[in-house]
Amino acid sequence: MLHTVNKSSFERNSLQSCLNTIDDTSVILFIEDGVINAANNANSSMIADLAASGRVFALQGDVEARGISPKLADNIKLVDYAGFVDLVVEHGTAVSWV
């Protein structure tokens, strides 16, 4: 399942709710202000573990728009809009955490 998170953990608890729900096949895609969660200073150990296993993505345009490219945590994969669509197709079901 694909989980999209569009809010910063500094703003809402959407990310924590997502992390409490995911299973071993889930992937997370940070979009909009949710990409702030992909920065090193906002990164939890659970996100780091998921990223190390290739299960955390961030929308490249949103990362660049917020100027956090240099602060991106290790192993978080950037995707463009086509990559976003590919993730939706690959995982079939998407859950939005707002």
Per-region count, region 1-26, residues surrounded by fewer than 17 Cβ atoms within 10 Å (Cβ to Cβ) and more than 19 Å from residue 54 (Cβ to Cβ): 8
Residues located in region 59-82, provided they are at positive phi and polar (S, T, N, Q): 75
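Every residue in region 62-82 that is surrounded by fewer than 16 Cβ atoms within 10 Å (Cβ to Cβ) and more than 24 Å from residue 20 (Cα to Cα), please.
Result: 64, 65, 67, 69, 70, 71, 80, 81, 82.
Here are 38, 52: which of them is surrounded by 12 or more Cβ atoms within 10 Å (Cβ to Cβ), small (Gly, Ala, Ser), modelled with pLDDT under 95 and out of contact with any Phe, Trp or Tyr (no Cβ under 8 Å at 6 or more places or on another chain)?
Details: 38 fails: out of contact with any Phe, Trp or Tyr (no Cβ under 8 Å at 6 or more places or on another chain).
Of 38, 52, the one residue that is surrounded by 12 or more Cβ atoms within 10 Å (Cβ to Cβ), small (Gly, Ala, Ser), modelled with pLDDT under 95 and out of contact with any Phe, Trp or Tyr (no Cβ under 8 Å at 6 or more places or on another chain) is 52.
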Search result, residues across region 62-74 that are modelled with pLDDT of 95 or more and within 13 Å of the chain's Cα centre (by Cα): 62, 63
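The values are calculated or read from the model by the stated rules, or taken from the named source; none is laboratory data. Just so you know, these numbers come straight off a predicted model, no measurement behind them. Counting neighbours? That spans all protein chains shown, and the Cβs are built from the backbone with ideal geometry, glycine included.
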